[in-house]
Amino acid sequence: MNLHAVQAIYRYEMARTGRTMFQSVVSPVISTSLYFIVFGAAIGSRITEIEGVSYGAFIVPGLIMLMLLTQSVTNAAFGIYFPRFVGTIYELLSAPVSPFEIVLGYVGAATTKSVVLGAIILATSALFVPLRIDHPVLMVAFLVLTSISFSLFGFILGLWASSFEKLQIVPLLILTPLTFLGGTFYSTSVLPPFWRTVTLFNPLVYLISGFRWSFFDISDVNIEISVAMTLLFLVVCMAIIWWFFKTGYRLKN
């Protein structure tokens, strides 16, 4: 393995985060804090507890997951799109660097950013409400696996997109609505039976539910199913990226 190439890609992407610190770190933390204040104040005054957990604490895993998904996709998508946009992707493809090493560099950097950001948001949330983490190991596992999975998804988006507008379509019009409807601010158990069944077709329900279970030992779906869905999404994304590099789709044309 060409570790020097992986390190070069990784360090370049992490340096880009340093140059855009406000956009990459400060802005997501402020946005999450505003979500917490607004929803905590507006809804928390009417809903004191959900399944024995205070409403303010209940929404913390959902808020972390909301920002984690968005930032993982955005960071990875922009990371690989810019080389395509300026044409330096051809230099990378002609260099002695394998597709695995390219993906490892870009996705590794996007995952690192997301995990660090998730930790910062978790620490920030602890300033507003008392938190407990019943399953810390599983919490970290969900944090890392989700970051890797959606960084891979963002990498796919960055290869697929042919313009800056297309880069925004999936995060804004698909990912964010699905996250809001996936139990970020509520438990799906409060929904009528029909809508509860419809919600189960939203894949983000399983991620948010599993992540919340690692905090409070409560979930809307079985924890084994949540883990299986996360791993399935990871495998599917890896298969799609393998196909992209095998066929040269969006890489050589």
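Numbers for the structure displayed
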item	result
With Cα atoms, 0 to 90° folded angle of helix 60-86 axis to the chain main axis	10
Surrounding net charge for residue 202, when Lys and Arg each add one and Asp and Glu each subtract one, Cβ distance under 14 Å	0
Mean separation of Cα contacts under 8 Å (6+ apart) over length of the chain, as relative contact order %	26
Accessible solvent surface per residue of the chain, calculated while the other protein chains remain in place, 1.4 angstrom probe, Å²	48
Carbon and sulfur %, accessible surface of the chain computed with the full protein complex present, 1.4 Å	71
Extreme residue, positive dipole direction of the chain, given options 73, 243, 213 (C-beta unit charges)	243
Solvent-accessible surface ranking, highest first, for 10, 81 at 1.4 angstrom	10, 81
Rg(Cα)/(2.2 N^0.38 Å) for the chain, N = residue count	1.04
Charge dipole (debye, nearest 20) of the chain; +1 at Cβ of Lys and Arg, -1 at Cβ of Asp and Glu	620
Counted charge near residue 71, where neighbours are those whose Cβ lies closer than 14 Å (Asp, Glu -1; Lys, Arg +1)	+1
Crossing angle, helix 99-125 versus the chain [Cα axis fit, 0-90 degrees, rounded to tens]	30
Tilt relative to the chain, helix 3-19 - C-alpha long axis, 0 to 90 degrees, to 10	60
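The values are calculated or read from the model by the stated rules, or taken from the named source; none is laboratory data. Fair warning: this is a prediction, and the values are worked out from it, not measured in the lab. A quick note on method: Cβ atoms are made from the backbone with ideal geometry, for glycine too, and the neighbour counts reach across all protein chains shown. Note: areas computed on protein heavy atoms with side chains; ligands, DNA, RNA excluded. Shrake-Rupley method; radii C 1.70, N 1.55, O 1.52, S 1.80 Å.
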